[in-house]
Amino acid sequence: MNEVDLRVSKIKDGTVIDHISGGYALDVVKILGITCKEKRVITIAINVHSKNFGTKDIVKIEGRALNSDEVNRIALVAPHASINIIRNYAVVEKLEVKLPKTIGGIVKCVNPVCITNSDEPIVSNFSVESVEPLILKCHYCGYMLEKSDVLSQM
Ligand code: CTP
Ligand code: ZN
């Protein structure tokens, strides 16, 4: 068993979000809308040793799989994360998160006078200008959103 496995035990069923850049686990929790008030066991490891990345964070959510929408959201704050679906202690699926070149709908433009914030129902659309640190450019008004702008609306 490696150091991390000794520190954080394996789970029976659920989802393990691994290889989150060190220090970003709470962003992942926030972007998933997890309030921690649900009666669900969640284990969070922050800044643990990683063979390949120096330090990494891990979030383990018991008894729950993630849908594709949630996987895509994670890519906004943890573009290098891997998602492991666990059933009966075994990793039955491994998903790599991937940030698409454009993001439609999930995030709102911060510019109050942007056309996407008017009464007309226009779905937001952003191009990903930078992955880490995250910068999204509004297709309609050119406003540049940072990760903090994205997190504050989740
Ligand atoms: N894990 C867990 N509970 C299980 C099985 C696995 O919490 N029942 C966790 C492991 O601790 C690890 C992640 O899920 O953080 C992926 O498990 P595994 O594929 O076995 O580990 P690695 O081979 O190290 O994964 P990778 O190749 O993605 O680095
Ligand atoms: Zn805009």
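Bear in mind that the values in this text are calculations on the coordinates, not laboratory data. Because the structure is predicted, anything quoted here is derived from the model rather than measured. Quick reminder, even Gly has a Cβ in these numbers, built from the backbone with ideal geometry, and neighbours come from all protein chains shown.
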> Which one of L136, N67, I103 is farthest out on the positive end of the charge dipole of the chain, using unit charges on Cβ (Lys, Arg +1; Asp, Glu -1) and the Cα centre as origin?
Replying inline: N67
> How large is the dipole of the range 33-93 about the Cα centre if only Lys and Arg carry +1 and Asp and Glu carry -1, each at its Cβ, rounded to the nearest 20 debye?
Replying inline: 180 debye
>> Per residue of the range 111-125, what does 6.51 cos²θ - 1.76 cosθ + 1.60 with θ = phi - 60° give for ³J(HN,Hα)? Whole Hz please, x for Gly and Pro, Karplus curve as stated.
In response: 6, x, 9, 5, 4, 6, 9, 7, 6, 5, x, 10, 6, 5, 8
> Around E38, with a cut-off of 12 angstrom between Cβ atoms, what is the net charge of the other residues, counting Lys and Arg +1 and Asp and Glu -1?
Replying inline: +3
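Given the rule -39500 (n - 2.57) for each run of at least 4 DSSP H residues, summed and divided by the residues of the chain, what is its mean residue ellipticity at 222 nm, to the nearest 500 deg cm²/dmol? Numbers along the way, then the final one.
Values: 4 runs with 27 residues, N = 154.
Only helices count here, giving -4500 deg cm²/dmol.
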> How many nm separate the modelled label positions at L6 and I135, each set 7 Å beyond the Cα in the direction of the Cβ?
Replying inline: 4.3 nm
>> Output the 0 to 90 degree angle, nearest 10, between the alpha-carbon long axis of helix 68-77 and the longest principal axis computed from the alpha carbons of the chain.
In response: 80 degrees
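Which value, in debye to the nearest 20, gives the size of the charge dipole of the chain about its Cα centre, when Lys and Arg are +1 and Asp and Glu are -1 at the Cβ? If you can, show how the numbers build up before the last one.
Working: 19 positive and 18 negative charges, 95 e Å.
Magnitude of the dipole: close to 460 debye.
Suppose every Lys and Arg Cβ carries +1 and every Asp and Glu Cβ carries -1, with no other charges. What dipole size does the range 3-47 come out with about its Cα centre, to the nearest 20 debye?
On the way: 7 positive and 6 negative charges, 53 e Å.
The calculated dipole for the range 3-47 is roughly 260 debye.
When you count, for each residue, the other Cβ atoms within 10 Å and take the mean per peptide, how do 19-26, 2-9, 109-116 rank with the highest first? Numbers along the way, then the final one.
Details: 19-26: 19.1, 2-9: 11.1, 109-116: 15.6.
Highest-to-lowest ranking by the protection proxy: 19-26, 109-116, 2-9.
Over its Cα atoms, what ratio of radius of gyration to 2.2 N^0.38 Å does the chain give? Spell out each step's value before the answer.
Working: Rg = 16.9 Å, N = 154, 2.2 N^0.38 = 14.9 Å.
Computed over Cα atoms of the chain, the ratio equals 1.13.
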> Dipole of the chain (Lys/Arg Cβ +1, Asp/Glu Cβ -1, origin at the Cα centre): which of V123, F53, V4 lies farthest to the positive side?
Replying inline: V4
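Within the range 30-135, which chymotrypsin sites (Phe, Trp or Tyr not before Pro) sit in a loop by DSSP and count at most 13 neighbouring Cβ atoms inside 10 Å? Let's see the in-between values first.
Numbers: sites: F53, Y89, F126; in loops: F53, Y89.
Taking the range 30-135 and a limit of 13 other Cβ atoms within 10 Å, the loop chymotrypsin sites (Phe, Trp or Tyr not before Pro) found are F53, Y89.
Tell me, what are the semi-axes, in whole angstrom and largest first, of the equivalent ellipsoid of the range 11-76 as set by the roots of 5 times the Cα gyration tensor eigenvalues?
Numbers: eigenvalues 73, 36, 25 Å².
Sorted largest first and rounded, they come to 19, 13, 11 Å.
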>> How would the range 74-121 be classified by its alpha-carbon gyration tensor: rounded, prolate or oblate, with rounded meaning a/c under 1.5 and the a/b versus b/c comparison settling the rest?
In response: prolate
